[in-house]
Amino acid sequence: MARPLTPSSVSRRSFLEGTAALGVASIFGSSILATGAKAQTAAANANVLSASHWGLFRAKVEGGIFKEIKPFEGDKRPSKILPGVLDAVYSPTRIKYPMVRAGYLKDGPKSDRSKRGADEYVRVTWEKALDLIADEMKRVATEYGPSSIFVGSYGWHSPGKLHNSVTCLQRMASFLGECTMHTGTYSSGATRIILPHVTGRMEHLQPQTSWPVLIANTEIAVMWGADLLVTNDICDNLTTHECYEWFEAFKKKGTKVICIDPVRTASAKYFNAEWIAPRPNTDVALMLGIAHTLMAEKLHDAKFLETYTTGFDQFAAYLKGEKDQTPKTAEWAAKIAGLDAALIKRLAHDFAKNRTMLMGGLSLQRGHHGEQTHWMMITLASMLGQIGLPGGGFGMSYHVDDGGVPATNGPALPGLSSKPATPGQPLAVEKTKAGQTPPSKAIPCARIVDMLENPGKTIDFNGQKVVYPDVRLVYWAGGNPFMHHQDRNRMLKAYQKIETFIVNECQWTASARHADIVLPATTTCERDDIVDHGYYTNSGIIPMKKIVEPLYEARDDYEIFRELSKRLGREKEYTEGKSQMDWIKSFYDQAAKQAAAKKLPMPSFDEFWNKNEPVFFPITQEGRDFIANKEFRDDPLLSALPTPSGKIEIFSKNIDKMGYDDCKGHPTWMEPAEWLGGKTVDKYPLHVISSHSSMRLHSQLCGTVLRKQYAVAEREPCLINPKDAAARGIKAGDVVRVFNGRGQMLAGAVLTDDIREGVVRVCEGGWYDPAEPGKAGTLCKYGDVNVLTLDIGTSKLAQSNIAHTVTAQMEKYTGPAHAVTVFTTPKNG
Ligand code: PGD
């Protein structure tokens, strides 16, 4: 049942502190001006329906203050972290005013950049801040060419089809010329590059065999590096957590679940799963051991392999060890994965004898040679021969965005485009000397630090060459690079090379604290928007009405970039003559047109908006009965896959032709740079994994009252096996130092048998809190795990991040006391 969530913290703290200091009228006054004449005004007393990454909710507003948040009645499992959405609006970490780093205000791009992170901030007017940015963008674009401006700005920002901060930024930047973008994601960077070579598709974006089909047919579900229960709490756009109803039914049916994960996850416990805990980063070896057993015992489906796949022979030769004299037996795999060979053989037998669904999580591919994991999983599923059968095969997104929930036939809701309809002539042209290869327009997102360090360097990427641009200005809106990127200390130094770093943010994140110019952005609660429900299911359209007027001097990203476009002489091109409400209505009307063609009734926009209720579309029978790859199985010729052979490519000629030493023509086990069987363990004997937290979304909401529920000794929790803790004299609740050659951080020890010996877990997303700001190598006082991680690409193929490939050491912390200070406003802020 949905119940009101009223964090005791809400009435307290910063909002009232803020109003006391400034007076409500002055706060609202400046904000109203900021949002422009066309913006709607939030009612002083109201119940407003709106949406967040954590679900749909109703907001109670009294006297212009957001007082209470209540999950939507139709939410199947309201998120326990919804109170954080309210708290984030009034959090002491809110950025209140446009701010400029003192050194930058004095010396501009020639400032002492080693002061980033350490310098004080100075409050400036919006006019001043916007003029500074526009002038600097024009200067860099004309002096060095538009590619010297990086607007890749990767990040999860907030849901909403209009105020997509990344899109707004790139729309404005398009007027300058071709600025540098990113390609790929930190999330699925390896799989999205490898799988189009294997099945012709990004499998994690495909509809999955539906849960009703799994309930009726699956005999074994293997949750492999996937914590369905935790990561389905959030959604890229909007969820009402439908999947949890199906989880319950699946559990009731009593289907066997196996969780393969170094951590006994929340899902393992919920589904009463058999827990198998291999050494981190050894899943490919484990899969190879299973595959070898299948082949050796003739349990593999030779007919399926012949009809639907290509290249099994080359792979079989590798399994047998024909070239390397190393058969990939269960015994071989057992040594690598730290498991029993008998268990690996049993898995092969059980998978072959039962209808088995392999559910691969994205964490698997966030490691060195991450391309291999999902490729090998599909190879294993091919050997089992159940792809396209009800309840069998593989699925790569059961862990996120309600994957597997039956779909509707609802319309797609369009949103603002990063490309204006009539951009006009670019304001600047690229400067390339004769004979010089022009820089690439986009770089693989996780290679940004390498790019900053090495302008002009050429790297391999998926059969192509990428030439790094000489980036002088970085603009981020809607992401937190000083959280999401690996090897913080290397990053800190690389960022000192750029002349200007600009950040639009709602919160004083570490990224904002390292920027030269910081602009305060509204949260979703302070602006009007619209969003679609269900990432894979198109199951509804939700009005996101403004709940309260923008706090302090926060402005919407859309308006910030409109103002910057105006300064570039392109305001009309940016707005296309539309107000915010015109855009929102136009998105809705386009969806309504599609819906009418599908005979799905939708109210008029005015009715929808004024009623302030969602529009939902019904699940279809096709959605309920959906079986992934059924068409391919039924007719492999007419429904051939979009690969060169039309089949599943266990051997890819295209990849083989690239000649990469770190990504061969078929799935291969390659030792990761750091792992429990590797060389680094002599000094750093613990493998660190950084799963996604159940209490926030990446770094979002880390600055809120929710932290009280999970922080240990005020730090990010670090799970450690009691045996590893005892060997180090560590007790539950101790402050520990986790360190390796790249960095060091404090954390709070949590002793648990739910983690494999030799492995520790610190969730990603903890805010970076340097003891000596601006100094590389300094201790992180809170627990940003990316001070420890390694920043190299998965391979030449995908060049994605390898956040889960890292070893470290841990000790009880006995050094000087350090208060955590990142969850406050910086001086003058
Ligand atoms: P978020 O914390 O979601 O992380 O990296 P990402 O940068 O997406 O950052 C979003 C930021 O946008 C927040 O700071 C938020 O305040 C801000 N924001 C929200 N709404 C708005 C808005 O309307 N306007 C503006 N201007 N800002 C807004 C996530 C990335 O981290 C991802 S996707 C993955 S999968 C990776 N995972 C790992 C991992 O597993 N392990 C490690 N060690 N590291 C990882 N990093 C990656």
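For region 108-124, the condition holds for no residue, the condition being that it is aliphatic (A, V, I, L, M) and part of a helix (DSSP H, G or I).
Looking at region 127-137, can you tell me whether even one residue there is part of a loop (DSSP other than H, G, I, E, B), within 25 Å of MET451 (Cβ to Cβ) and within 16 Å of the ligand (Cβ to nearest atom)? No, every residue in region 127-137 fails to be part of a loop (DSSP other than H, G, I, E, B), within 25 Å of MET451 (Cβ to Cβ) and within 16 Å of the ligand (Cβ to nearest atom). When region 331-369 is filtered for residues that are among the small types (Gly, Ala, Ser), within 23 Å of PRO672 (Cβ to Cβ) and in contact with a helix residue (DSSP H, G or I) (Cβ under 7 Å, 6 or more places away or on another chain), the ones remaining, listed by number, are ALA333, ALA334, ALA337, ALA341, GLY360. Might you let me know whether region 164-173 holds any residue that is at pLDDT 95 or above, of a type outside the set (Asp, Glu), closer than 30 Å to VAL429 by Cα and touching a Pro at 6+ places or on another chain (Cβ under 7 Å)? Yes, some residue in region 164-173 is at pLDDT 95 or above, of a type outside the set (Asp, Glu), closer than 30 Å to VAL429 by Cα and touching a Pro at 6+ places or on another chain (Cβ under 7 Å).
The set of residues in region 50-98 being polar (S, T, N, Q) and more than 14 Å from the ligand (Cβ to nearest atom) consists of SER79 alone.
Checking each residue in region 220-256 for being in contact (Cβ under 8 Å) with a residue 24 or more places away in the chain, over 26 Å from the mean Cα position of the chain (by Cα) and assigned to a helix (DSSP H, G or I) picks out ALA249, PHE250, LYS253. Restricting attention to region 616-640, which residues are among the hydrophobic types (A, V, I, L, M, F, W, C) and either over 32 Å from the mean Cα position of the chain (by Cα) or farther than 21 Å from GLY404 by Cα (or both)? Selection gives LEU637, LEU638, ALA640. Mind listing whichever residues of region 348-367 are buried (at least 24 other Cβ atoms within 10 Å of the Cβ) and either within 16 Å of the ligand (Cβ to nearest atom) or part of a helix (DSSP H, G or I) (or both)? Scanning region 348-367 gives ALA348, PHE351, GLY360, GLY361, LEU362, SER363, LEU364, GLN365, ARG366, GLY367. Among the conditions (1) in contact (Cβ under 8 Å) with a residue 40 or more places away in the chain; (2) within 23 Å of the chain's Cα centre (by Cα); (3) closer than 27 Å to PRO390 by Cβ, the only one that CYS259 does not satisfy is (1).
Each row is one residue, and each column tells you yes or no for (1) under 30 Å from CYS763 (Cβ atoms); (2) surrounded by fewer than 17 Cβ atoms within 10 Å (Cβ to Cβ); (3) within 16 Å of the ligand (Cβ to nearest atom).
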{"position": "ASP635", "(1), (2), (3)": "no, yes, no"}
{"position": "THR643", "(1), (2), (3)": "no, no, no"}
{"position": "GLU649", "(1), (2), (3)": "no, no, no"}
{"position": "MET670", "(1), (2), (3)": "yes, yes, no"}
{"position": "ILE689", "(1), (2), (3)": "yes, no, yes"}
{"position": "HIS698", "(1), (2), (3)": "yes, no, yes"}
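If you check THR789, THR825 for being modelled with pLDDT under 95, part of a loop (DSSP other than H, G, I, E, B) and either touching a His at 6+ places or on another chain (Cβ under 7 Å) or within 15 Å of the ligand (Cβ to nearest atom) (or both), only one passes: THR825.
You will find that of GLY729, GLY777, GLY748, GLY733, the residue that is away from the ligand (no atom under 13 Å from the Cβ) and in a strand (DSSP E or B) is GLY748 and no other. For region 332-347, filtered to residues that are free of Cβ contacts under 8 Å to residues at least 60 places away in the same chain and among the aliphatic types (A, V, I, L, M), the residue that is farthest from the ligand (Cβ to nearest atom) is ALA342. Against the test of being buried (at least 24 other Cβ atoms within 10 Å of the Cβ) and closer than 21 Å to VAL449 by Cβ, the options ALA803, ALA749 yield a single qualifying residue, ALA803. For region 463-483, the count of residues that are surrounded by fewer than 24 Cβ atoms within 10 Å (Cβ to Cβ) and among the polar types (S, T, N, Q) is at least one. When the residues of region 368-392 are narrowed to those that are over 18 Å from ALA221 (Cβ atoms) and not in a helix (DSSP H, G or I), which ends up nearest to the ligand (Cβ to nearest atom)? The extreme case among them is GLY370. Among the residues of region 434-452, those that are within 23 Å of MET137 (Cβ to Cβ) and either free of Cβ contacts under 8 Å to residues at least 40 places away in the same chain or of a type outside the set (Lys, Arg) (or both) comprise PRO438, PRO439, SER440, ALA442, ILE443, CYS445, ILE448, VAL449, MET451, LEU452.
Taking region 163-219 on its own, how many of its residues are within 16 Å of the ligand (Cβ to nearest atom), assigned to a loop (DSSP other than H, G, I, E, B) and of a type in the set (A, V, I, L, M)? Step through it out loud before you land on a result.
Of all residues in region 163-219, those within 16 Å of the ligand (Cβ to nearest atom) come to 163-173, 181-193, 202, 204-205.
Then keep just the ones that are assigned to a loop (DSSP other than H, G, I, E, B); that gives 163-164, 184-190, 202.
Okay, now just the ones that are also of a type in the set (A, V, I, L, M), so 190, 202.
Number satisfying all stated conditions: 2.
Can you confirm whether region 147-162 contains a residue that is touching a residue at least 12 places away in the same chain (Cβ under 8 Å), closer than 30 Å to PRO439 by Cβ and part of a helix (DSSP H, G or I)? Steps first, please.
Going through region 147-162, the residues touching a residue at least 12 places away in the same chain (Cβ under 8 Å) turn out to be 147-162.
Applying the additional criterion that residues be closer than 30 Å to PRO439 by Cβ yields 147-157.
The next check asks that each one be part of a helix (DSSP H, G or I); those that pass are 147-148.
Taking every residue of region 147-162 in turn, at least one turns out to be touching a residue at least 12 places away in the same chain (Cβ under 8 Å), closer than 30 Å to PRO439 by Cβ and part of a helix (DSSP H, G or I).
Filter region 474-493 down to the residues that are among the aromatic types (Phe, Trp, Tyr) and part of a strand (DSSP E or B), then identify the one that is farthest from the ligand (Cβ to nearest atom). Filtering region 474-493 for residues that are among the aromatic types (Phe, Trp, Tyr) and part of a strand (DSSP E or B), the one farthest from the ligand (Cβ to nearest atom) comes out as TYR475.
Tell me yes or no: at least one residue of region 647-654 is at pLDDT 95 or above and over 28 Å from ILE459 (Cβ atoms).
Residues of region 647-654 that are at pLDDT 95 or above, as a first pass: 647-654.
Now narrow it down to the ones that are over 28 Å from ILE459 (Cβ atoms): 647-648.
Among the residues of region 647-654, at least one is at pLDDT 95 or above and over 28 Å from ILE459 (Cβ atoms), which makes the answer yes.
Condition check for PHE605 on (1) surrounded by fewer than 18 Cβ atoms within 10 Å (Cβ to Cβ); (2) without any contact (Cβ under 8 Å) to a residue 60 or more places away in the chain: one failure, at (1).
The values are calculated or read from the model by the stated rules, or taken from the named source; none is laboratory data. Everything quoted here is computed from the prediction, not taken from an experiment. Please note: Cβ atoms are built from the backbone with ideal geometry, for glycine as well, and neighbour counts cover all protein chains shown.
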